[in-house]
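Below is one structure, written out as structure tokens; the observations come after it.
The values are calculated or read from the model by the stated rules, or taken from the named source; none is laboratory data. Note that the structure is predicted; figures quoted are calculated from it, not measured. Here the Cβ is made from the backbone with ideal geometry for all residues, glycine too, and neighbour counts use every protein chain on show. All accessible areas refer to the heavy atoms of the entire protein, side chains included, with ligands and DNA or RNA removed. Shrake-Rupley method; radii C 1.70, N 1.55, O 1.52, S 1.80 Å.
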Amino acid sequence: MASSLSVAVLLCLAAAAAAQLSPTFYDTSCPRALATIKSAVTAAVNNEARMGASLLRLHFHDCFGCDASVLLADTATFTGEQNALPNKNSLRGFNVIDSIKTQLEGICSQTVSCADILAVAARDSVVALGGPSWTVGLGRRDSTTASMDSANNDLPPPFFDLENLIKAFGDKGFSVTDMVALSGAHTIGQAQCQNFRDRLYNETNIDSSFATALKANCPRPTGSGDSNLAPLDTTTPNAFDSAYYTNLLSNKGLLHSDQVLFNGGSTDNTVRNFSSNTAAFNSAFTAAMVKMGNISPLTGTQGQIRLNCSKCALFQRVVMASASSLGLLLMLAALVSTATAHLSPTFYDTSCPRAMSIIKSTVTAAVNNEPRMGASLLRLHFHDCFVQARRKVANRFACLSDYGCDASILLAGNERNAAPNFSVRGYDVIDSIKTQIEAVCKQTVSCADILTVAARDSVVALGGPSWSVPLGRRDSTGAATAAQVVSSLAPSTDSLAQLISAYASKGLSATDLVALSGAHTIGMARCRGFRTRLYNETNIDAAFAAALKANCPATPGSGDGNLAPLDTTTPNAFDNAYYRNLLSNKGLLHSDQELFSNGSTDNTVRSFASSAAAFGAAFATAMVKMGNISPLTGTQGQIRLICSAVNSLAMASAICISLLVVVALASAASAQLSATFYDTSCPRAMSIIKSAVTAAVNSEPRMGASLLRLHFHDCFGCDASVLLSGNEQDAAPNKDSLRGFGVIDNIKTQIEAVCNQTVSCADILTVAARDSVVALGGPSWSVPLGRRDSTGASAALALSDLPPFTASLQELVDAFAKKGLSANCPRTSGDMNLAPLDTTTANAFDNAYYTNLLSNKGLLHSDQVLFNNGSTDNTVRNFASNAAAFSSAFATAMVNMGNIAPKTGTNGQIRLSCSKVNS
């Protein structure tokens, strides 16, 4: 009995908490949702201005209870609202909503509700017609039924007088001002003759010329011209402005319910105000729209998320009610069956929203550290995409492989050891990216996609153009032979005809060839690749050749590996100087100069030499085409766990054929951490933590360092044990110095109020540490979530595991290595014993700490040993000179630290109060 009562109370609490709408509801689960809706609405309104009013009215007629019930179509066994008197043969815009839903289902399956689509589409319709915008609270769910009786009874008809209107709106919680403001929606749209005929022929408070003009299209006899249309605002019918109210002042309201707002009654002054003050109208209208959108929404686990807005997803009730393994199986089956072979730039928007930023930050740091790396990563992608071979892998589970852009080049051995690839580099950067992404999105992002995006970001990092990279490639389960690599990659000795043929075999045009060759505006080549050109060819600038010969002797085997820039003018800038060099016979490789040597591509070279924009556009187009060469998609290939090795046979067979194994893997993976862990169960958690931390740090900058240190002292085992009163808090490394408990307790209290016993104290600590760094100007990173809280603590472990400030370099290295961390110990903000650890910029998270170490200004012994003629000196120098390198390394190390032995799944508990274990 007590158990059942507890469940009932929890359900009530959850239901109450879930009733809050948030404008950030889809930020993680479907980040492209709002842009998709806006684009579709804008296009529809641009195509037909009236559609703006239709979508706004659709929301209004739904939102005398905002649950998308108005969208449900009648069936043989179901009667909805569409044929209720206020809606029949007049509501429209269903096709636009259906189109939006189809687009959203394509990128975020069963995530965005039809009710939210309606609410946002109404806002975007107003904006598209020049009206005001407002913030739309999101998180509504869709009804599983509809009521014609409610539609007939609740929606005010056009013949209502003022008293009836005030009551009808008042019954829904609206003020009289709200009612007048919402009526202003009639500044757009049209009405049918049957709804204003009586006003034209029987009322006296109507401008005579206005009435006469309308009568021409609205005959007096009932049944004659009933559906003929007239604009509700004849002055500016397709602009959302305040002209509607100006019309009322002149007795030019089309409907009876319009003109009663200005007819010697209580709302006259409001009409006058809105007529003379557009800003006042806009402000009142947006406030009323937000109130309307909040009328009795379904939230939390109420209702459903329809797959099709016009009908209920009946099976969903069963799945949601059971929450069983069968539900997971059905969901995974649906996802697998609907996977397409098409690439999409939004492929990871939901499954790994941080992927693109991780790749970009890592590539940028690598290129900033060594500009040549940009060219190396670009070449790595090129050499991956151009190598193709078809073969059947020799086991019964394998899929047919057609190697193109599939990361086969990253597999150890095989392609890497082919002659054209001896000089390929950048593997370590790709491996670093993969490690970071695996930490936040386990087995989700392919190495092939990482390569493709890294190539784009390398170009951007060196000042070149950007482009949208279609994603969704999968990784090969094998590699091409050395012979296949040699036959696929055009050598630098090829003639123009051979180059054109080689590129054409990959589906690339001669223009694509010239554009992609422009990648040689960055990077270097080895002497053995251009020796023959220097000493044997005549179409080379003499001074250019003489300068190169000094570092590239004529004798083969002598200086073979010596490097020269492919573009001697601006070797580290992605620009069009490469083509200008060709015009002057300064192409380094034979295959470069072939592009401008009295052949068919001369004019293209001239065009790119004179127009950087033309080159940038052509290069971006060709890169997309190259990235689309025979990718593996859908269930082909696999998502490697490590880019240099194929997953085990069991993993490969699971990916190729076994949905049941996928379910098992998904079940096991549920115990892993994920950045999206609370997206559904507590979507406001991250914003609550960020807001509280930012406020605390703004009030006292030192608090940023305190919260970061609190996480560090917990996370030599990340389970919030440090927050338990007594025990660890009294250990020597912590006693009388750890602080920030009040901030964590405050955050926990706020989160418990909206998501009872859902978010762990361990996760709050981890996120608070990240947000503290950001609040002080430092880098951000994606925090994997899902930790649970310990049920005990150990002062002895705190004492043995936390390195003291007297530790030597070797002791620090050993202490960090024990936890799987490399020996980087950044302390750029905060204080110890009330002296700043960084005296230069004590309250800014930057790299000044390392600069101080170079000057022997490390405050603690354990600080200065990092730069004291030891193994970490070069790392300190690098971080001192390169803030980006420090930020990237710090973010990576923080993720690693946050992953030290967390409790997940059913381990530990979710404490109700961070300072004590649940009873």
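Can you tell me the order of 357-367, 418-428, 246-256, 373-383 when each peptide is scored by its average per-residue count of other Cβ atoms within 10 angstrom, highest first? Provide the component values of the computation, followed by the final result.
Numbers: 357-367: 22.9, 418-428: 16.5, 246-256: 21.0, 373-383: 24.5.
Ranking the peptides 357-367, 418-428, 246-256, 373-383 by packing returns 373-383, 357-367, 246-256, 418-428.
Return the long-range amide H neighbours of R788 (sequence gap of 5 or more, or a different chain), with a cut-off of under 5 Å between placed amide H atoms.
Those lying under 5 Å, H to H, from R788 are K903, T904.
Which percent of the accessible heavy-atom area of region 508-627 goes to carbon and sulfur, probe 1.4 angstrom?
Answer for region 508-627 is 52 percent, counting heavy atoms of protein chains only.
Karplus couplings for region 355-369 from phi (6.51 cos²θ - 1.76 cosθ + 1.60, θ = phi - 60°), rounded to Hz, Gly and Pro as x?
With coefficients 6.51, -1.76 and 1.60, one gets 4, 5, 6, 5, 4, 4, 5, 5, 5, 4, 4, 5, 6, 4, 6 Hz.
Suppose a student asked you for the relative contact order of region 354-484, using Cα pairs under 8 Å spaced at least 6 residues apart; what percent would you report?
37 percent
Sort 545-555, 68-78, 584-594 by packing, meaning the average of other beta carbons within 10 Å per residue, with the highest value first.
Ranked by mean Cβ neighbours within 10 Å, highest first: 584-594, 68-78, 545-555.
Where the centre of each part is set by its Cα atoms, how far does region 246-317 sit from region 601-647, in angstrom?
50 Å
Over the C-alpha atoms of region 18-313, what are the Rg and the largest Cα-to-Cα span, Dmax, in Å?
18.8, 57
Return the sequence-ordered ³J(HN,Hα) values of region 205-218 in whole Hz as given by the Karplus equation 6.51 cos²θ - 1.76 cosθ + 1.60 applied to θ = phi - 60°, using x for Gly and Pro.
Running phi through 6.51 cos²θ - 1.76 cosθ + 1.60 with θ = phi - 60° gives 8, 9, 4, 5, 5, 4, 5, 4, 4, 6, 4, 4, 10, 9 Hz.
What are the residues whose amide H is under 5 Å from the amide H of M524, where those residues sit 5 or more places off or on another chain and H is modelled from the backbone?
Residues meeting the criterion, in which the H sits 1.01 Å from N, are L566.
Using a ≥ b ≥ c from the Cα gyration tensor of region 166-233 (square roots of the eigenvalues), is it rounded, prolate or oblate, where a/c under 1.5 gives rounded and otherwise the larger of a/b and b/c decides, a/b for prolate?
In terms of gyration-tensor shape, prolate.
Could you rank the peptides 756-767, 847-858 by their average count of other C-beta atoms within 10 Å per residue, with the highest value first?
756-767, 847-858
Any idea what diffusion coefficient region 527-654 gets from Stokes-Einstein, in µm²/s, Kirkwood Rh on alpha carbon pairs, 4 °C, 1.567 mPa s?
73 µm²/s
Search the structure for amide H atoms under 5 Å from the amide H of L471, placed 1.01 Å from N in the peptide plane, and list their residues when 5 or more places away or on another chain.
Excluding prolines and chain starts, which carry no amide H, the hits are S344, T346, F347.
Provide Rg and Dmax in Å for region 354-484, with only Cα atoms included in the calculation.
14.6, 48
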